[in-house]
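*Asks:* Just passing along the structure, written as structure tokens.
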Amino acid sequence: MKGLKIIVLAKQVPDTRNVGKDAMKADGTVNRAALPAIFNPEDLNALEQALQLKDRYPGTIVSLLTMGPGRAAEIIREGLYRGADDGVLLTDRAFAGSDTLATSYALAQAIKEMGEVDLIIAGRQAIDGDTAQVGPQVAEKLGFPQVTYVEKIMDADSKHVTALRRLENGVETVKAPLPLVLTVNSSAAPCRTRNATLLMKYKHARTVTERQEASEDYLFLYDSRPFLNIREMTVNDIKAEQEQLGLSGSPTKVKKIENVVLQAKDAKVLKPVDKDIDLLMKELILSHTIG
Amino acid sequence: MNNVFVYCEVEDGVVAEVSQELLTKGRSLANQLKCKLEAVVIGKGLDGVENQIFPYGADVVHIADDLRLEPFTTSPHATILIKLFDKEKPQIALMGATPIGRDLGPRVSSALYSGLTADCTSLEIGPHEDKKAGKTYENLLYQIRPAFGGNIIATIINPDCRPQMATVREGVMKKEVLNPEYKGKVKKLDVAQYVSDEDFIVSVIERHMEEKKVNIKGAPIIVAGGYGVGSKENFKMLYELAEVLGGEVGASRAAVDSGYAEHERQIGQTGVTVRPKLYIACGISGQVQHRAGMEESAQIISINTDPDAPINSIADYVIHGDVGEVIPKMIRFYKSNTK
């Protein structure tokens, strides 16, 4: 079988799993600077599934696609270090304020510019929104079938993929035709770590915008080593209807954001000593809460 | 036209719990909007399924009954909903935030170019004023959910696109029979008019579904552990306490992500919502997503070494101490006081 052309959708997200006390500023707003930007965890699971197909079917090309600000190029490098072949950063102010539908539209239009594709693999959901909408919406925009909640790609040929889905109360094996969109769960195999050789190879990989800020000592590299050029796409590189992008292309609007302010109840504060715990259990038994 | 629609999940002829909860919510939204509540059921062997749905106050039940429609695959269900919504123009469409609803919802919303909000914890009706555009709106669906690591609660609206779509997790809304005798209309859909062979390109080869092993939703007492419990090994104490008290063990997302407990025990916005008599939070800091799944518990005990843990502010009892020290004492004194 000839190799597959795979696009992995990845997102750079604030690490909301490790929200510390400094995540909120004194004025009650979110302190984005305190949250490290990471490769969305389930997108790493998705990348691993793509890389396993590449291991199995020589000639497979794995490309990353991410939409975000300039610094999202970091996760393309991260993907290259782990075995992806190339990557595209889709970045433009025109995308600002996109909801999942406007995001999916922009991604789908970018995918159309990336040539023939057999398989698009994404994480099931991103930890900053947990919506799980972009995968299915990209599929719909492209007119591809979708298989969500994938734990393992069992088998692939040039026409079909067979995948194991992990659902809340069981598993399911499905067979679907290519081209296809898959979304992958965190229960799938974890992503392989960085490869030292690839790290050396790609550590100077930059987008055209990043190169403008890069040290002049390395600029000579980009002509002789084309793989160091991370492709940057802006709104001008995709065929898109302006009104379907960004805020205007987003049917959902944020009406209100409330900071979570806790009204403290009058809690009884106890010490972890015998006397206090004894009294607590007596009180709960007396009130028929337990026992 | 312009009614409230609920997509009812069905397996082996039984309407899912989450769909019954959404029918209840849908009825109350329809009352506020002075419109009808309509349900859609897509599956096989659905004779009489409407009788499970009418008691929640559904005025119309649309039924697409065909051997090929169960088990669920995306395309035929999506195609039916897209065509039906295109015809019926619902103002609101609700579905469960289950693997089915979260697969189907985005596909349908993309095709209809309508907004969708995932995992809502509350749904309300209210007005909106867009000052910039100089427009005012009445009776929009407020789709309320925590966002951004739970530090904020967002109210999302879809001012201009219909249907306004939302998914809601099982247990978030309360189910309540409106009237066991309530009767509406059945509309059988001519499936051949809706789907074609091309919709059946994804095939389910094998399926193993299990009954839920744990039922934390129905447990009167829940002993829940967070990242602060420290290890899977330490979680054993929680099981001991739960057994002694006749309860179940739950977990925060952080504990599940760290492998201390199974996913089906996860409580919170992206897990199960519970309302037990007693909730014992062990080493749980209490981000808003977690609180969203347990704050209606009748009594809350928080055991935490951090006196400023957010969960303490909704607790009735705060035990400032180490879980490993407190739980054995709770077991000991429960036993000594109930002898």
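The values are calculated or read from the model by the stated rules, or taken from the named source; none is laboratory data. Keep in mind that what you see is a predicted model, and the values were worked out from it rather than measured. FYI the Cβ positions are ideal-geometry reconstructions off the backbone, even for glycines, and counts take in every protein chain you see. The area values use the complete protein model at the heavy-atom level, side chains included, leaving out ligands, DNA and RNA. Shrake-Rupley method; radii C 1.70, N 1.55, O 1.52, S 1.80 Å.
*Asks:* What is the calculated FRET efficiency for B:Glu129 to B:Lys339, with r their C-beta to C-beta distance and R₀ = 56 Å, to the nearest 0.05?
*Replies:* Once rounded, the FRET efficiency stands at 0.30.
*Asks:* Percent antiparallel among DSSP beta bridges with both residues in region B:58-195, to the nearest 5? Kindly include the intermediate steps, with their values, before the conclusion.
*Replies:* Values: 13 of 25 bridges.
Here the share of antiparallel DSSP bridges comes out near 50 percent.
*Asks:* Related question: Using helices alone, I'd like the mean residue ellipticity at 222 nm for chain A: each DSSP H run of four-plus residues gives -39500 (n - 2.57), total over residue count, nearest 500. Don't jump to the answer; show the numbers that get you there.
*Replies:* Values: 8 runs with 79 residues, N = 291.
For chain A, the value works out to -8000 deg cm²/dmol.
*Asks:* If you don't mind, there's one more thing I want to ask. Determine the gain in length on full extension of the stretch A:Asn259-A:Glu243; use 0.36 nm per residue of separation and subtract their C-alpha separation, reporting nm with one decimal.
*Replies:* Roughly 2.7 nm would be gained on extension.
*Asks:* Another question about this same structure. For a quick check of your reading of the filter: which trypsin sites (Lys or Arg not before Pro) in region B:201-306 sit in a DSSP loop and have no more than 14 other Cβ atoms within 10 Å?
*Replies:* Sparse-neighbourhood loop trypsin sites (Lys or Arg not before Pro): B:Lys212, B:Lys213.
*Asks:* Let me ask another. For B:Leu67 and B:Glu233, calculate 0.36 nm times their separation in residues minus their Cα-Cα distance, and state this gained length in nm to one decimal. Don't skip to the answer; put the middle values down first.
*Replies:* Working: separation 166, 0.36 × 166 = 59.76 nm, distance 4.70 nm.
This chain segment gains 55.1 nm when fully extended.
*Asks:* So which residues of region B:169-203 lose at least 10 Å² of accessible area, probe 1.4 Å, when you go from the chain by itself to every protein chain present?
*Replies:* B:Arg169, B:Ile201, B:Val202, B:Ser203
*Asks:* Let me have the relative contact order for chain B, percent, based on Cα pairs under 8 Å that are six or more residues apart.
*Replies:* Working: 742 pairs, mean separation 50.1, N = 339.
In percent, rounded to a whole number, it is 15.
*Asks:* For chain A, set up a Gaussian network in which alpha carbons nearer than 10 Å are linked by springs, and say which option among A:Gly115, A:Gly83, A:Gly170 fluctuates the most.
*Replies:* A:Gly170
*Asks:* Which of the trypsin sites (Lys or Arg not before Pro) found in region A:166-208 are in a DSSP loop and have at most 13 neighbouring Cβ atoms, other than their own, within 10 Å?
*Replies:* A:Lys203
*Asks:* Explain nothing, just the number: relative contact order of region B:4-200, from Cα pairs under 8 Å at least 6 residues apart, as a whole percent.
*Replies:* For region B:4-200, the relative contact order is 29 percent.
*Asks:* For peptide A:146-155, what's the mean number of Cβ atoms from other chains within 10 Å of each residue's Cβ?
*Replies:* Values: counts 9, 4, 8, 4, 0, 0, 0, 0, 1, 0.
Counting other chains' Cβ atoms within 10 Å and averaging over A:146-155 gives 3.
*Asks:* Classify the protein assembly as shown as rounded, prolate or oblate, taking a ≥ b ≥ c as the square roots of the eigenvalues of its Cα gyration tensor: rounded when a/c is under 1.5, otherwise prolate if a/b is larger than b/c and oblate if not.
*Replies:* oblate
*Asks:* Can I ask one more? Looking at this model, which pairs from B:Lys44/B:Lys187; A:Lys271/B:Lys277; B:Lys236/B:Lys329; A:Lys268/B:Lys335; A:Lys5/A:Lys112 are more than 20 angstrom apart at the alpha-carbon? Display every interim value, and only then the final one.
*Replies:* Numbers: B:Lys44/B:Lys187 15 Å; A:Lys271/B:Lys277 23 Å; B:Lys236/B:Lys329 15 Å; A:Lys268/B:Lys335 22 Å; A:Lys5/A:Lys112 13 Å.
Going by Cα-Cα distance, A:Lys271/B:Lys277; A:Lys268/B:Lys335 fall outside the 20 Å limit.
*Asks:* Among the listed pairs B:Lys34/B:Lys83; A:Lys159/A:Lys203; B:Lys25/B:Lys212, which are separated by more than 30 Å between their Cα atoms?
*Replies:* A:Lys159/A:Lys203
*Asks:* Suppose every Lys and Arg Cβ carries +1 and every Asp and Glu Cβ carries -1, with no other charges. What dipole size does the protein assembly as shown come out with about its Cα centre, to the nearest 20 debye?
*Replies:* 500
*Asks:* Rank-order B:27-38, A:50-61 by packing density, defined as the average count of other C-beta atoms within 10 Å over each peptide's residues, highest first.
*Replies:* Per-residue mean Cβ counts within 10 Å order the peptides as B:27-38, A:50-61.
*Asks:* Roughly how big is the B-A contact, given as buried accessible area in Å² (both sides, 1.4 Å probe, nearest 100)?
*Replies:* The B and A chains share an interface burying roughly 6800 Å².
*Asks:* Right, another one. Using a 1.4 Å probe, what is the accessible area per residue for chain B, in Å²?
*Replies:* Details: 13380 Å² over 339 residues.
Roughly 39 Å² per residue, with all protein chains present.
*Asks:* What FRET efficiency comes out for the pair A:Lys201/A:Asn236, r = Cβ-Cβ distance, R0 = 30 Å, nearest 0.05? Numbers along the way, then the final one.
*Replies:* Working: r = 30 Å, r/R0 = 1.00.
Computed FRET efficiency for A:Lys201 and A:Asn236 comes out at 0.50.
*Asks:* Where does chain B land at 222 nm, in deg cm²/dmol rounded to the nearest 500, when only DSSP H runs of n ≥ 4 count, each adding -39500 (n - 2.57), divided by all residues? Walk me through the numbers before you get to the answer.
*Replies:* Working: 9 runs with 92 residues, N = 339.
Value at 222 nm, helices only, nearest 500: -8000 deg cm²/dmol.
*Asks:* Another one. Run the reach check for B:Lys175 against aspartates and glutamates, Cα to Cα strictly under 12 Å, same-chain hits fewer than 8 apart removed. What comes back?
*Replies:* In chain and number order, the partners are B:Glu17, B:Glu21.
*Asks:* Still on this model: Once you order the gyration tensor axes a ≥ b ≥ c over the Cα atoms, which shape class does chain A get: rounded for a/c under 1.5, otherwise prolate or oblate by comparing a/b with b/c?
*Replies:* Prolate shape, in that a/c is at least 1.5 and a/b is the bigger ratio.
*Asks:* Assuming R0 = 56 Å, can you tell me the calculated FRET efficiency for the pair B:Glu325 and B:Lys174, based on Cβ-Cβ distance, to the nearest 0.05? Each step should come with its number before you reach the end.
*Replies:* Details: r = 37 Å, r/R0 = 0.66.
E(calc), rounded to 0.05, equals 0.90.
*Asks:* While we're looking at this one, here's another question. Considering only protein heavy atoms and a 1.4 Å probe, what is the carbon-and-sulfur percentage of the accessible area of chain B?
*Replies:* The computed percentage sits at 48.
*Asks:* So, one more: At most 16 other Cβ atoms within 10 Å and a DSSP loop assignment: could you name the GluC sites (Glu not before Pro) in region B:157-235 that fit?
*Replies:* B:Glu176, B:Glu181, B:Glu210, B:Glu211
*Asks:* Can you find, among A:Leu199, B:Tyr56, B:Gln266, the residue sitting farthest towards the positive end of the charge dipole of the protein assembly as shown, where Lys and Arg contribute +1 and Asp and Glu -1 at Cβ?
*Replies:* Checked the options; the winner is B:Gln266.
*Asks:* For B:Glu17 paired with B:Asp308, estimate the spin-label separation in nm (one decimal), with each label point 7 Å from Cα along the Cα-to-Cβ line.
*Replies:* The answer from the label model is 3.8 nm.
*Asks:* Report relative contact order for chain A in percent, whole number only (criteria: Cα-Cα under 8 Å, sequence separation at least 6).
*Replies:* 22
*Asks:* Let me ask something else. Antiparallel versus total DSSP beta bridges in chain A: what percent is that, nearest 5?
*Replies:* Of the beta bridges lying entirely in chain A, close to 40 percent run antiparallel.
*Asks:* Just tell me the longest site-free run in chain A, where the sites are GluC sites (Glu not before Pro) in a DSSP loop having at most 10 other beta-carbon atoms within 10 Å.
*Replies:* A:117-240
*Asks:* Is region B:221-338 rounded, prolate or oblate when judged by the Cα gyration tensor, a ≥ b ≥ c being the square roots of its eigenvalues, rounded requiring a/c under 1.5 and prolate requiring a/b larger than b/c?
*Replies:* Working: a/c = 1.34, a/b = 1.24, b/c = 1.08.
It is rounded, given that a/c, with a ≥ b ≥ c, falls under 1.5.
*Asks:* Additional query: With every protein chain present, what is the per residue accessible area of chain A (1.4 Å probe, Å²)?
*Replies:* So chain A comes to 46 Å² accessible per residue, rounded to a whole number.
*Asks:* May I ask you to find the residues of region A:112-134 that are shielded by at least 40 Å² of accessible area once the whole protein assembly is considered instead of their isolated chain (probe 1.4 Å)?
*Replies:* With the partner chains in place, region A:112-134 has these residues losing at least 40 Å²: A:Asp130, A:Gln133.
*Asks:* Rounded to the nearest 5, what % of the DSSP beta bridges within the protein assembly as shown are antiparallel ones?
*Replies:* 35
*Asks:* According to a simple spin-label model (label point 7 Å from Cα along Cα-to-Cβ), what is the distance in nm between B:Asn31 and A:Glu116?
*Replies:* Distance between label points: 6.0 nm.
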